[in-house]
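Enquirer: I'd like to ask you about the structure that follows.
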């Protein structure tokens, strides 16, 4: 009986550090996964705004801004994963949707901005962000 008790104690002493190492690897990876999921969620929630912007540009021959017909104030677009959505031109004169990310559990993306820029000539959207690339979908990475 003493041999089994010793084997059990040795097994427990080896299992605890192994579990600690696995937790130290798994928890940060899990938090990164959650942050990436939040960013993907924001892109899905913002997708219906793209055709609205294109229609406005077609009708008015300029980029919409918050307060224009069909576009609320930035804070009124608050969602579960974003604090605000602003419309307007970038410093480079490109029509864009600017999304302020929100995630109290992740300092890496909380407060970071994500831009969906519309290329009027090509009719395509480009995504970029000030958040780290590892939190962004592949088409948003710079």
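Enquirer: Looking at residue 36 and the list (1) outside any loop (DSSP other than H, G, I, E, B); (2) within 14 Å of residue 96 (Cα to Cα), which single condition is not satisfied?
Expert: (2)
Enquirer: Another question, if that's okay. For the stretch 114-124, give me each residue that is within 15 Å of residue 92 (Cβ to Cβ) and in a strand (DSSP E or B).
Expert: 115, 116, 117, 118, 119
Enquirer: Of all residues in the stretch 47-105, which are assigned to a loop (DSSP other than H, G, I, E, B), loosely packed, with under 14 Cβ neighbours inside 10 Å and in contact (Cβ under 8 Å) with a residue 60 or more places away in the chain?
Expert: 105
Enquirer: If you don't mind, there's one more thing I want to ask. Please tell me if residue 6 is without any contact (Cβ under 8 Å) to a residue 40 or more places away in the chain, over 30 Å from residue 125 (Cβ atoms), under 26 Å from the mean Cα position of the chain (by Cα) and part of a helix (DSSP H, G or I).
Expert: The answer is no for residue 6.
Enquirer: Another question about this same structure. Which numbered condition trips up residue 18, out of (1) surrounded by 10 or more Cβ atoms within 10 Å (Cβ to Cβ); (2) assigned to a helix (DSSP H, G or I)?
Expert: Checking residue 18 against (1) surrounded by 10 or more Cβ atoms within 10 Å (Cβ to Cβ); (2) assigned to a helix (DSSP H, G or I), the one that fails is (1).
Enquirer: Any residue at all in the stretch 89-97 that is within 13 Å of the chain's Cα centre (by Cα) and under 21 Å from residue 38 (Cβ atoms)?
Expert: Looking through the stretch 89-97, none of the residues is within 13 Å of the chain's Cα centre (by Cα) and under 21 Å from residue 38 (Cβ atoms).
Enquirer: Next question, about the same structure. In the stretch 124-142, what residues are touching a residue at least 40 places away in the same chain (Cβ under 8 Å) and out of contact with any strand residue (DSSP E or B) (no Cβ under 9 Å at 6 or more places or on another chain)?
Expert: If the condition is that a residue be touching a residue at least 40 places away in the same chain (Cβ under 8 Å) and out of contact with any strand residue (DSSP E or B) (no Cβ under 9 Å at 6 or more places or on another chain), then 134 is the only one that fits.
Enquirer: Moving on to the next point. Could you look through the stretch 106-123, keep only residues that are free of Cβ contacts under 8 Å to residues at least 60 places away in the same chain and in contact with a strand residue (DSSP E or B) (Cβ under 8 Å, 6 or more places away or on another chain), and pick out the one that is farthest from residue 30 (Cα to Cα)?
Expert: 119
Values in this text are rule-based calculations from the coordinates and carry no lab data. None of the values given here were measured: they were computed from a predicted structure. No Cβ is skipped: glycine too gets one built from the backbone with ideal geometry, and neighbour counts run over all protein chains shown.
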